[in-house]
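Take a look at the structure below.
The values are calculated or read from the model by the stated rules, or taken from the named source; none is laboratory data. Bear in mind the structure is a predicted one, so any value in this text is a computation, not a measurement. Every residue, glycine as well, gets a Cβ built from its backbone with ideal geometry; the counts of neighbours run over all protein chains shown. Please note that ligands, DNA and RNA were not included when accessible areas were found on the heavy atoms of the full protein model with its side chains. Shrake-Rupley method; radii C 1.70, N 1.55, O 1.52, S 1.80 Å.
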Amino acid sequence: MSAEHLSDSCLFCKIIKGDIPSCKIIETEKSYSFLDINPLSEGHALVIPKYHAEFFHQVPDDILADMLPVAKKVALAIGLADGQYNLLQASREREKSRQNNGRMAHQEVPHVHFHIIPKPNPEQGLIVGWPQLKDVSQDQLKNTLGRIKEKL
């Protein structure tokens with residue numbers, strides 16, 4: 001992957017280029033994995049594409065196809081095969097513990113990334129809130145499904 005797909009101002013692109021040090025776990029031609037410097041639990045790691053994209057849908061398919069096997073290898077290397085963990089895409093805002101794409105969704109670093117967060121006990125790792133929509137009807141679900149399928 002050439003440097004032409006990286007940004008000079010992006011923190012994660014600087015890590016990929018070696019301008020900022022990291023605790024690198026594994027690197028492929030298309031992906032880079034390292035330990036999070038503000039971990040939620042021991043072994044908290046990131047997997048990032050060697051392609052600057054702020055949003056998941058902007059990452060080329062061949063790079064996405066490389067990232068998940070890397071994430072799986074990292075999870076196994078951390079020792080999570082029999083444990084519990086979260087695999088989340090995007091970034092976190094410490095105060096709200098949310099994962100998503102874009103500033104409005106609380107993404108700190110505008111570069112797609114996956115977190116692999118070990119959950120050794122209820123007090124460590126990611127604490128997730130899941131505010132569900134209430135009273136969603138089958139008709140609403142069918143309408144949503146129709147809109148999604150039209151765009152596939």
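Mind telling me which of the residues ILE25, ILE37 ends up being touching a helix residue (DSSP H, G or I) at 6+ places or on another chain (Cβ under 6 Å), within 23 Å of ASN86 (Cα to Cα) and open to solvent by 60 Å² or more (accessible area, probe 1.4 Å)? When all the criteria are applied, what remains is ILE25. Name the single residue that is least open to solvent (accessible area, probe 1.4 Å) among those in segment 46-65 being over 19 Å from ASN86 (Cα atoms) and assigned to a helix (DSSP H, G or I). Ranking the qualifying residues of segment 46-65, first place goes to ILE63.
Against the list (1) open to solvent by 70 Å² or more (accessible area, probe 1.4 Å); (2) farther than 27 Å from VAL128 by Cα; (3) at pLDDT below 95, the condition ALA81 fails is (2).
Annotation note: Cβ proximity below 7 Å between a residue of segment 1-16 that is at pLDDT 90 or above and a residue that is charged (D, E, K, R) (sequence gap 6+ or interchain) occurs for LEU6/LYS17; ILE16/LYS50. A search for C-beta distances below 8 Å between a residue of segment 19-41 that is among the charged types (D, E, K, R) and any residue that is in a strand (DSSP E or B) and surrounded by 16 or more Cβ atoms within 10 Å (Cβ to Cβ), counting only pairs 6+ apart in sequence or on different chains, returns LYS24/TYR32; LYS24/SER33; LYS24/PHE34; GLU27/SER33; LYS30/PRO49; ASP36/ALA45; ASP36/LEU46; ASP36/HIS115.
When SER9 is tested against (1) surrounded by fewer than 11 Cβ atoms within 10 Å (Cβ to Cβ); (2) under 30 Å from PRO122 (Cβ atoms), just one condition goes unmet, and that condition is (2). For segment 43-56, the criterion of being without any contact (Cβ under 8 Å) to a residue 12 or more places away in the chain and farther than 27 Å from LYS119 by Cα is satisfied by no residue at all.
Quick one: is VAL70 at pLDDT 95 or above and either under 25 Å from GLU123 (Cα atoms) or not in a strand (DSSP E or B) (or both)? Considered against the rule, which asks whether it is at pLDDT 95 or above and either under 25 Å from GLU123 (Cα atoms) or not in a strand (DSSP E or B) (or both), VAL70 comes out as yes.
Residue count for segment 27-51 satisfying the condition of being under 14 Å from VAL74 (Cβ atoms) and among the aromatic types (Phe, Trp, Tyr): 2.
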